Every structure is written in structure tokens, then in C-alpha cells.
1. With only alpha-carbon atoms counted, please give the Rg and Dmax of the stretch 13-59, in Å.
2. Going by average Cβ neighbours within 10 Å, how do the peptides 100-108, 248-256 rank, with the highest at the top?
3. What residues from the stretch 84-125 fall in the zone where the backbone N is under 15 Å from a label point 7 Å along the Cα-to-C-beta line of residue 135?
4. What whole number of Å gives the distance from the Cα centroid of the stretch 12-54 to the Cα centroid of the stretch 337-363?
5. Given only helices, namely DSSP H runs of n ≥ 4 each adding -39500 (n - 2.57), what is the per-residue ellipticity at 222 nm of the chain, to the nearest 500 deg cm²/dmol?
6. Compute the Cα gyration tensor for the stretch 2-114, then decide on rounded, prolate or oblate, letting a ≥ b ≥ c be the square roots of its eigenvalues: rounded whenever a/c is under 1.5, prolate when a/b is larger than b/c in the other cases, and oblate in all that remain.
7. Measure nothing fancy, just the Cα-based angle from helix 342-352's long axis to the longest principal axis of the chain, in degrees from 0 to 90, nearest 10.
8. Could you work out the relative contact order of the stretch 229-374? I mean the mean sequence separation of Cα pairs under 8 Å and 6+ apart, divided by the number of residues, in percent.
Ligand SMILES: Nc1ncnc2c1ncn2[C@@H]1O[C@H](COP(=O)(O)OP(=O)(O)OP(=O)(O)O)[C@@H](O)[C@H]1O
Ligand SMILES: [Mg+2]
């Protein structure tokens, strides 16, 4: 039953428009394999075409209320019917009429008396053409959507890469004057006996240190990937990083869970991969409330890629911020001095390693960052 309905649905449909019932009956006899709609006047034809969206319209030229050319024009002006191919079926057979018919948007012209075999062949050809055109239009729409997405990604990558170049020159220019000022302030601080000024100097030195940190991050962002690229064990990197931070997490009551599966090596710059892992787990910890929390770090292989996930049960990311988190300088940690560069650095590193990074998050529940890097070899 269902199959029957499916087959019926796929049957092509044709609207026959003629003021004479006998003509319609004649055409209908030749076109039994199609689902047919009928109209004896222009208004009905327009309404039926709009509502039923037939695959084709066969149109008589001479009708009392409205002639076929005018009706064809109306079909072509109406956004709901303009894509339906129209074929004129008429007793007229001079070239001017044919030309006029094609000008108003018809795709073919069949003269009466109609030869059944020719009528069927022409309809079948034109329906096939329409199907190809519709398929192409669908394909084009899908491709253009795909291209839009790629363009957005390119723009984002371009933005990051120019920021990278800019930031490495900024960091270079800023580093030496800042170092000089910090030295002078430190000397005054150590020598100056007046307590309130000492406090001011301490604040200045603190600010210098904050700037130095910012410059260091900026420098990392723009650092060319010329450092040594080689076979790298991501599991080893994770273990090293966790070993380094273990004590800090313990103090903050943060529980670490891990599931590091046996994975192939990746072709990578080791310290940059370390930086990605650092950034992700520090973000995970930052997202947790004062009382601590839990994060889960895992590696696995899927489709010849190494998959690294870092999941936390922290505050999560507001839907409005999801697009922004990878953008340079986006931070919600103004109070604790976040630079907003961590994730954009991760993004830059991962893309230069021909990988991807994405995030899923539910506010109040937690976030998962997923990094995929091509595996170097199958294990
Ligand atoms: N695991 C996470 N949970 C919730 N929010 C996150 C998480 N990771 C990142 N974010 C959000 O993305 C923002 C940007 O992160 P990013 O690492 O780029 O900078 P930051 O952490 O704010 O600053 P910095 O890395 O210098 O400490 C964060 O401020 C935070 O709002
Ligand atoms: Mg961060």
C-alpha cells in the first residue's frame, strides 16, 4: 500500500488547459501515464497550477476569456507558477505565432491535429529536461551553501593570520621598553622608603608584569610554525601537562579523570601541542566554581584522526558567546586578567596542524572542546 502511494507520488503531473472539453479528452487519452489536471478557462488554470504545482502545463492558444499567450505570461509572472514549463497546443501553425509563444515563456509548440506519439515524446523530453534542471538547481544551492561556509572559515583564518603577523611585531616592539620601565620601577620600589609610594610602585610593577604576560601570549599567537615538526605522542604530552599541573588542581579541589586510548602518533610541533592542552585544561578549571569540580580528558582514534576531548562540569558558555570564544581578545575573565587569546592560539595551532577544534556547551552543565588532528600512521 505504502509502495503504491510512493509510486503514485512519483508520477509526473500535467495540467491541460483548453476551453473545449473534447480537446481535453483527446489529449487525456494520449497521456494516461500522467496524473492529469484540467481547466477550461484562465482563472481556473491559474488557481489549479498554483495549488497543485503540476510538472507541466499544456496550453491552448485560443480561448474565449483570455488568450493562451496572455495566460502564459501570467504563469511566468507568478512566483508560484513561473518555473512550470508551458507547451502550447494549438491549431495555429505559422512561425510568428510560434515565435510569440516562445517569447512569452513557452518551451515548446505542438500543432493540432495532435499526433499521440509525437506529443508523448516531446512531453517526456521536456519533463526530463526539467528534472535535470531542478536537480542542477538543487545541487547548485547545496554547493553555494557549502561555499558560503568555507568562505566564512577562510575569513576567520585570514583574520587570525593577519593578527598573528601584527602581534609578533607588536610584541617585539613593546617588549624592550616595558622591560626597561619594569627595571626602573623595581629599583625605586626597592629603595623608596615611603610606604604609600611603595604601594603605588608595586601596582605599577604588577601592571608591567601583566603587560609582559600579554605580550608573551601575543608573541605565541604570531609565532611562526618553524619549530621542530616531528612524530609526536599526544598521550605523552597530556601526561606531562597533567603531571605539571596536578598539584595546582589538587589544591583547587579539581578532580581529573582521563581515558587515554592507544593512539597513533601525530606530525606536530610538540610545544605547540602542549600549549593547546594547557589552554584547554586551564579554561576548564577557570570555568569551575570556587568549590572545585571535575574534568575529563580523553584521546581516541576516529577516521584516521586523533580525537582529543576536554570535558568539564563548569559554568558552560552562553549560546550568544559560542561564536566568539575562538576570536582573539574575547574573554569573560576581565576580573581575573584573562587575555582572551588562549583559544585563538589553540585555533591557530590546530589549523596549522591541519586539524579542527570545536566546542559544545550547555550553560550550567559544562563544556566539551574537541580537537581532531590527522594521525601520522595507523597503529
Ligand atoms: N571550558 C570553558 N568553559 C566555559 N567557558 C569557556 C571555556 N573555555 C573558554 N571559555 C570562554 O571563552 C573565553 C575565551 O577563552 P580564551 O582561552 O581564549 O581566553 P581566556 O581564558 O578568557 O583568557 P586566557 O586564556 O588569557 O586566560 C573565556 O573567557 C570563557 O568565557
Ligand atoms: Mg584561556
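Laboratory data are not the source of any read-out in this text; all were calculated from the coordinates shown. All of these numbers come straight from a predicted model, not from anything done at the bench. Glycine gets a Cβ as well: all are built from the backbone with ideal geometry, and neighbour counts include every protein chain shown.
1. 9.7, 26
2. Values: 100-108: 17.0, 248-256: 14.1.
The packing order, highest mean first, is 100-108, 248-256.
3. 125
4. Answer, in whole Å: 60.
5. Numbers: 10 runs with 199 residues, N = 379.
Dividing the helical sum by the residues of the chain leaves -18000 deg cm²/dmol.
6. On the way: a/c = 1.81, a/b = 1.44, b/c = 1.26.
In terms of gyration-tensor shape, prolate.
7. With rounding to tens, the tilt is 60 degrees.
8. Numbers: 269 pairs, mean separation 34.7, N = 146.
Relative contact order, the stretch 229-374: 24 percent.
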